[in-house]
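Remarks on the structure that follows.
The values are calculated or read from the model by the stated rules, or taken from the named source; none is laboratory data. Worth saying up front: this structure is predicted, and the values here are computed from it rather than measured. Glycine gets a Cβ as well: all are built from the backbone with ideal geometry, and neighbour counts include every protein chain shown. When the accessible area is computed, the model is the full protein with side chains, heavy atoms only, and any ligands, DNA or RNA have been set aside. Shrake-Rupley method; radii C 1.70, N 1.55, O 1.52, S 1.80 Å.
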Amino acid sequence: MLYRSYQSYCHRLQHDMYFLTSTSRLNEQVVDKIVLQLNRVYPQILTNEEAEKFRNPKASLHTRLSDLLKHLQKKGDRHCQEFYRALQINAEQLFNDLPSRKILKTPDPTEIDTDKEQYMLNDRGPVFFLACFSMAAGLALFWYCCNSETQVLGRARRILGFSPIIIGRHVRNICLLYLEDISRN
(Lines give C-alpha, C1' and ligand atoms only; values in the text may rest on other atoms or scores of the structure.)
Protein backbone atom coordinates (compact mmCIF):
# COMPACT_ATOMS: atom_id res chain seq x y z
CA MET A 1 0.00 0.00 0.00
CA LEU A 2 2.93 2.30 0.62
CA TYR A 3 3.84 2.31 -3.07
CA ARG A 4 0.26 2.78 -4.18
CA SER A 5 -0.59 5.65 -1.86
CA TYR A 6 2.46 7.67 -2.94
CA GLN A 7 2.15 6.93 -6.66
CA SER A 8 2.61 10.10 -8.73
CA TYR A 9 -0.27 11.62 -10.65
CA CYS A 10 1.63 11.10 -13.92
CA HIS A 11 1.85 7.35 -13.28
CA ARG A 12 -1.81 7.28 -12.31
CA LEU A 13 -2.74 9.14 -15.49
CA GLN A 14 -0.70 6.71 -17.57
CA HIS A 15 -2.51 3.86 -15.85
CA ASP A 16 -5.94 5.47 -16.44
CA MET A 17 -5.29 6.56 -20.04
CA TYR A 18 -6.88 3.53 -21.72
CA PHE A 19 -9.90 3.72 -19.43
CA LEU A 20 -10.42 7.43 -20.16
CA THR A 21 -9.94 7.17 -23.93
CA SER A 22 -12.13 4.12 -24.44
CA THR A 23 -15.41 4.71 -26.24
CA SER A 24 -18.15 6.79 -24.60
CA ARG A 25 -16.39 7.33 -21.26
CA LEU A 26 -16.06 11.09 -21.75
CA ASN A 27 -18.28 13.11 -24.04
CA GLU A 28 -17.48 16.36 -25.91
CA GLN A 29 -18.99 18.65 -23.29
CA VAL A 30 -17.07 17.14 -20.38
CA VAL A 31 -13.76 17.23 -22.27
CA ASP A 32 -14.40 20.88 -23.21
CA LYS A 33 -15.19 21.75 -19.57
CA ILE A 34 -12.00 20.05 -18.39
CA VAL A 35 -9.89 21.85 -21.02
CA LEU A 36 -11.47 25.20 -20.12
CA GLN A 37 -10.88 24.61 -16.43
CA LEU A 38 -7.23 23.71 -17.07
CA ASN A 39 -6.95 26.88 -19.16
CA ARG A 40 -8.50 29.13 -16.51
CA VAL A 41 -7.07 27.66 -13.30
CA TYR A 42 -4.26 29.49 -11.53
CA PRO A 43 -1.45 28.70 -12.16
CA GLN A 44 -2.50 28.20 -15.76
CA ILE A 45 -2.06 24.58 -16.86
CA LEU A 46 -2.93 25.03 -20.54
CA THR A 47 -2.16 28.14 -22.58
CA ASN A 48 -4.84 29.62 -24.82
CA GLU A 49 -3.29 28.02 -27.90
CA GLU A 50 -3.12 24.60 -26.23
CA ALA A 51 -6.71 24.90 -25.07
CA GLU A 52 -7.86 25.77 -28.60
CA LYS A 53 -5.93 22.78 -29.95
CA PHE A 54 -7.57 20.35 -27.48
CA ARG A 55 -11.05 21.85 -28.08
CA ASN A 56 -10.77 21.72 -31.89
CA PRO A 57 -14.02 20.11 -33.15
CA LYS A 58 -12.33 19.07 -36.42
CA ALA A 59 -10.26 16.41 -34.62
CA SER A 60 -11.91 13.33 -33.15
CA LEU A 61 -12.64 13.27 -29.44
CA HIS A 62 -10.40 10.23 -28.96
CA THR A 63 -7.44 11.97 -30.60
CA ARG A 64 -7.91 15.22 -28.67
CA LEU A 65 -8.23 13.40 -25.38
CA SER A 66 -5.20 11.18 -26.04
CA ASP A 67 -3.13 14.21 -27.03
CA LEU A 68 -4.27 16.11 -23.94
CA LEU A 69 -3.33 13.27 -21.60
CA LYS A 70 0.09 12.81 -23.23
CA HIS A 71 0.68 16.58 -23.10
CA LEU A 72 -0.16 16.71 -19.38
CA GLN A 73 2.14 13.77 -18.63
CA LYS A 74 5.02 15.58 -20.34
CA LYS A 75 4.38 18.75 -18.32
CA GLY A 76 4.64 17.02 -14.95
CA ASP A 77 2.88 15.89 -11.83
CA ARG A 78 1.22 19.21 -10.95
CA HIS A 79 -0.50 19.35 -14.35
CA CYS A 80 -1.74 15.78 -14.01
CA GLN A 81 -3.04 16.55 -10.53
CA GLU A 82 -5.02 19.50 -11.88
CA PHE A 83 -6.47 17.25 -14.58
CA TYR A 84 -7.70 14.85 -11.89
CA ARG A 85 -9.18 17.76 -9.97
CA ALA A 86 -10.99 18.98 -13.11
CA LEU A 87 -12.19 15.46 -13.84
CA GLN A 88 -13.54 15.11 -10.32
CA ILE A 89 -15.43 18.40 -10.58
CA ASN A 90 -16.88 17.77 -14.05
CA ALA A 91 -17.36 13.98 -14.07
CA GLU A 92 -17.36 12.73 -10.50
CA GLN A 93 -18.81 9.29 -11.25
CA LEU A 94 -16.17 8.65 -13.89
CA PHE A 95 -13.49 9.92 -11.49
CA ASN A 96 -14.64 7.44 -8.83
CA ASP A 97 -14.60 4.58 -11.37
CA LEU A 98 -10.98 5.17 -12.46
CA PRO A 99 -8.75 2.07 -12.17
CA SER A 100 -6.14 4.02 -10.20
CA ARG A 101 -8.79 5.08 -7.68
CA LYS A 102 -9.90 1.49 -7.23
CA ILE A 103 -6.29 0.44 -6.60
CA LEU A 104 -5.90 3.18 -4.00
CA LYS A 105 -9.11 2.07 -2.27
CA THR A 106 -8.20 -1.63 -2.26
CA PRO A 107 -6.38 -2.57 0.94
CA ASP A 108 -3.12 -4.46 0.75
CA PRO A 109 -3.66 -7.94 2.22
CA THR A 110 -0.21 -7.87 3.87
CA GLU A 111 -0.81 -4.52 5.57
CA ILE A 112 -2.20 -4.39 9.10
CA ASP A 113 -5.39 -2.37 9.38
CA THR A 114 -4.61 -0.22 12.41
CA ASP A 115 -8.23 0.75 13.05
CA LYS A 116 -9.32 -2.88 13.11
CA GLU A 117 -6.29 -3.88 15.20
CA GLN A 118 -7.01 -1.10 17.69
CA TYR A 119 -10.61 -2.27 17.99
CA MET A 120 -9.52 -5.86 18.47
CA LEU A 121 -7.17 -4.89 21.31
CA ASN A 122 -9.67 -2.63 23.04
CA ASP A 123 -12.91 -4.53 22.61
CA ARG A 124 -13.14 -5.57 26.27
CA GLY A 125 -12.92 -2.12 27.78
CA PRO A 126 -11.20 -0.63 30.81
CA VAL A 127 -12.99 -2.77 33.41
CA PHE A 128 -11.51 -5.92 31.89
CA PHE A 129 -8.05 -4.33 31.95
CA LEU A 130 -8.44 -3.32 35.61
CA ALA A 131 -9.67 -6.78 36.54
CA CYS A 132 -6.69 -8.44 34.84
CA PHE A 133 -4.26 -5.97 36.33
CA SER A 134 -5.72 -6.43 39.82
CA MET A 135 -5.53 -10.19 39.46
CA ALA A 136 -1.89 -10.02 38.35
CA ALA A 137 -0.99 -7.60 41.16
CA GLY A 138 -2.78 -9.82 43.70
CA LEU A 139 -0.97 -12.92 42.51
CA ALA A 140 2.37 -11.12 42.59
CA LEU A 141 1.71 -9.92 46.14
CA PHE A 142 0.53 -13.36 47.20
CA TRP A 143 3.64 -15.01 45.72
CA TYR A 144 5.89 -12.45 47.35
CA CYS A 145 4.27 -12.98 50.75
CA CYS A 146 4.41 -16.77 50.49
CA ASN A 147 8.09 -16.83 49.65
CA SER A 148 9.88 -18.35 52.68
CA GLU A 149 12.93 -16.13 52.19
CA THR A 150 11.03 -12.89 52.81
CA GLN A 151 9.93 -11.69 56.22
CA VAL A 152 7.24 -9.22 55.20
CA LEU A 153 4.15 -10.96 56.56
CA GLY A 154 3.45 -8.21 59.07
CA ARG A 155 3.72 -5.47 56.46
CA ALA A 156 1.69 -7.46 53.92
CA ARG A 157 -0.99 -8.01 56.51
CA ARG A 158 -1.19 -4.28 57.18
CA ILE A 159 -1.43 -3.54 53.47
CA LEU A 160 -4.16 -6.13 52.95
CA GLY A 161 -6.01 -4.90 56.04
CA PHE A 162 -6.21 -1.36 54.66
CA SER A 163 -7.22 -2.27 51.12
CA PRO A 164 -10.99 -2.75 51.06
CA ILE A 165 -11.27 -0.65 47.92
CA ILE A 166 -8.58 -2.44 45.93
CA ILE A 167 -9.44 -6.02 46.83
CA GLY A 168 -12.97 -7.23 47.43
CA ARG A 169 -14.00 -7.97 51.02
CA HIS A 170 -14.21 -11.74 50.56
CA VAL A 171 -10.86 -11.95 48.79
CA ARG A 172 -9.27 -9.75 51.47
CA ASN A 173 -10.63 -12.00 54.24
CA ILE A 174 -9.28 -15.10 52.53
CA CYS A 175 -5.86 -13.51 52.13
CA LEU A 176 -5.82 -12.40 55.80
CA LEU A 177 -6.78 -15.89 56.99
CA TYR A 178 -4.05 -17.38 54.83
CA LEU A 179 -1.48 -14.93 56.22
CA GLU A 180 -2.53 -15.73 59.78
CA ASP A 181 -2.15 -19.45 59.04
CA ILE A 182 1.32 -18.89 57.64
CA SER A 183 2.39 -16.74 60.59
CA ARG A 184 1.29 -19.45 63.07
CA ASN A 185 3.38 -22.10 61.33
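In this simple spin-label approximation, Arg184 and Glu49 carry label points 7 Å from Cα along the Cα→Cβ vector, and these lie 10.8 nm apart.
Remark: the Ser22-Leu130 segment gains 32.8 nm on full extension, using 0.36 nm per residue and subtracting the alpha carbon distance.
Computed on protein heavy atoms with a 1.4 Å probe, the accessible areas place Leu94, Leu141 in the order Leu141, Leu94, largest first.
Of the residues Met135, Met17, ranked by 1.4 Å probe accessible area with the largest first, the sequence reads Met135, Met17.
Take the Cβ atoms of His62 and His11, set R0 to 25 Å, and the FRET efficiency comes out at 0.70.
Ignoring ligands, DNA and RNA, please state the percent of accessible area on region 26-100 from carbon and sulfur, probe 1.4 Å. Walk me through the numbers before you get to the answer.
Working: 1950 of 4080 Å².
Exposed carbon and sulfur together represent 48 percent of the surface.
Taking all protein chains together, Tyr144, Tyr42, Tyr84 sort by accessible area into Tyr42, Tyr144, Tyr84, largest first [probe 1.4 Å].
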